[in-house]
Amino acid sequence: MVSSASTPKLFTPLKVGDITLQHRIVMAPLTRFRANDEHVPQGVSRRLQKPLRLQSDITASEKIAVEYYSQRASPGTLLISEATPISAAAGGFPNIPGIYTDDQITGWRHVTDAVHAKGGFIYLQMWAIGRAAREAVLAKDGFEVVSASDIPISEDKAVPRVLAKEEILEYVQRYAQAAKNAVEKAGFDGVE
């Protein structure tokens with residue numbers, strides 16, 4: 001048996017907010033591009049909005065996001081979700097999950113339930129893509145590329161429209177709402 005004096009700090013518990021991790025290894029966010037066109041974690045359909053009686057009630061195609069995160073969960077481990085836009089206007093990539101519609105929140109709830117069932121913890125990484133957004137993806141939904149400045153991310157990308165002060169305040173509110181959606185509705189243990 002290894003004594004606590006000889007246990008490397010990496011493998012010692014750590015309190016993060018209201019949770020206690022069993023070690024200091026955290027799964028970093030990895031953008032997966034596996035949501036559907038409505039930015040719902042892949043395969044989670046409207047059928048899943050009602051409570052499930054059995055895990056077997058979820059079809060194979062509906063398990064992709066749940067399986068991905070639950071495979072990486074273990075007791076006392078923290079996972080950080082893939083970057084997740086706070087609103088449709090803050091998006092700009094295809095097939096990334098959001099946290100601003102009921103379907104998206106329901107999809108994430110299945111993920112967080114699976115992680116918690118394995119004793120793990122999960123935080124949502126909130127995201128506003130800004131000048132890195134793809135112009136065509138935003139335009140399809142009636143939005144434009146915006147940022148804090150009019151400097152494009154690269155020469156071949158759109159010149160973003162500079163956000164007005166009032167719009168910046170709207171983004172602050174969108175972040176606050178996304179955090180509430182994540183923790184209070186989708187079951188995340190925290191947000192980043």
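Observations
- Taken over the stretch 109-146, residues that are basic (Lys, Arg) and buried (at least 17 other Cβ atoms within 10 Å of the Cβ) amount to 2.
- Residues of the stretch 90-107 classified as open to solvent by less than 10 Å² (accessible area, probe 1.4 Å) and more than 30 Å from ARG161 (Cβ to Cβ), total: 1
- The stretch 85-105 residues that are in contact (Cβ under 8 Å) with a residue 24 or more places away in the chain and farther than 12 Å from GLU38 by Cβ, paired with ones that are among the aromatic types (Phe, Trp, Tyr) and not in a strand (DSSP E or B) (beta carbon under 6 Å, 6 or more apart): ILE86/TYR175; SER87/TYR100; ALA89/PHE143
- Evaluation of GLN177 against (1) open to solvent by 80 Å² or more (accessible area, probe 1.4 Å); (2) without any contact (Cβ under 8 Å) to a residue 60 or more places away in the chain; (3) not aromatic (Phe, Trp, Tyr) (one fails), failing number: (2)
- Residues of the stretch 68-82 classified as within 11 Å of the chain's Cα centre (by Cα) and open to solvent by 10 Å² or more (accessible area, probe 1.4 Å), total: 2
- Test: residue in the stretch 44-61 that is under 26 Å from GLY92 (Cβ atoms) and at pLDDT 50 or above: no
- Unique residue being in contact with a Lys or Arg (Cβ under 9 Å, 6 or more places away or on another chain), surrounded by 17 or more Cβ atoms within 10 Å (Cβ to Cβ) and in a loop (DSSP other than H, G, I, E, B) when the list is SER149, SER87: SER87
The values are calculated or read from the model by the stated rules, or taken from the named source; none is laboratory data. Computed from a predicted model, the values in this text were never measured in an experiment. Quick reminder, even Gly has a Cβ in these numbers, built from the backbone with ideal geometry, and neighbours come from all protein chains shown. When the accessible area is computed, the model is the full protein with side chains, heavy atoms only, and any ligands, DNA or RNA have been set aside. Shrake-Rupley method; radii C 1.70, N 1.55, O 1.52, S 1.80 Å.
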